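Remarks on the structure that follows.
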Amino acid sequence: VARYFAFWRFDKGIKKRLGIYPELTLKQARNLAAVERSRLEGLKGKQGYNMTFKEAFEQFAEHFISVNNLSAASQASLKSVYSSQLIALENFKLTDITKRVLLKLFEGLTTKQNRAEQVYQWLNRFFKHAIHHDILSINIMEQIDLKSIIGKKKETKHAPHLGTIAEVKELKKRVISS
């Protein structure tokens, strides 16, 4: 039977596992709980405390399109990313979107590198907008490394090269004689 430390907020109905004992010490668990408490307290009084992702993202998209005078192609990209990937978040309250939730969203995109990068960029813009407009107090995307999501880029395999001067001279002779 695994024993774990958990963070509880009965008034908010929040239960979050912090880690498994003994891998996580009591001191570490207390620090994580303090971080979680401050995160929730930082959200209190913010505009986005009870907002859903859909409401906030629609507000962001409208503002971003008008301010940046986005081209039709960029608008289509934003709509495509929302309708294909971000729609999974639409009923989440902004306070319920965690690093774990976002990593789960990216799980299906590990083989689609370009799409993962697009989703990452749009989410990062969204959270920056939310902070700037006092909707949220933290950018969760800062906790997520893009490289860890998409993994290593595929290595390009080149044709073998000529390694020695003798090989180059031999090739030169063959070319001239043919």
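Estimated at the nearest 10 Å², the accessible area of Ser178 is 120 Å² with a 1.4 Å probe.
Residue separation times 0.36 nm, minus the C-alpha to C-alpha distance between Leu24 and His161: what's the value?
Numbers: separation 137, 0.36 × 137 = 49.32 nm, distance 5.13 nm.
That works out to 44.2 nm of additional length.
Residues whose amide H comes within less than 5 Å of that of Phe92, counting only those at least five positions distant or on another chain, are Phe53, Lys54 (H built at 1.01 Å from N in the peptide plane).
Anything over 29 Å Cα to Cα? Flag those among Lys54/Lys112; Lys27/Lys128; Lys27/Lys112, in the order listed.
On the way: Lys54/Lys112 24 Å; Lys27/Lys128 32 Å; Lys27/Lys112 40 Å.
Distance filter (> 29 Å) returns Lys27/Lys128; Lys27/Lys112.
A simple count of charges around Tyr21, restricted to other residues whose Cβ falls under 14 Å of its Cβ and scoring Lys, Arg +1 and Asp, Glu -1, yields +3. A Förster radius of 25 Å, combined with the Cβ-Cβ distance separating Gln113 from Ala73, puts the computed FRET efficiency at roughly 0.80. Along segment 93-98 the Karplus relation, 6.51 cos²θ - 1.76 cosθ + 1.60 evaluated at θ = phi - 60°, assigns HN-Hα couplings of 6, 4, 5, 8, 7, 10 Hz to successive residues, with x for each Gly and Pro.
Between Asn139 and Ser177, the modelled labels are 6.4 nm apart [label points 7 Å from Cα along Cα→Cβ].
The values are calculated or read from the model by the stated rules, or taken from the named source; none is laboratory data. Predicted model, so just to flag it, every value in this text is computed and none were measured. All Cβ positions, even for glycine, are placed from backbone atoms using ideal geometry, and neighbour counts span all protein chains on display. Heavy atoms of the whole protein, side chains included, go into the accessibility calculation; ligands, DNA and RNA do not. Shrake-Rupley method; radii C 1.70, N 1.55, O 1.52, S 1.80 Å.
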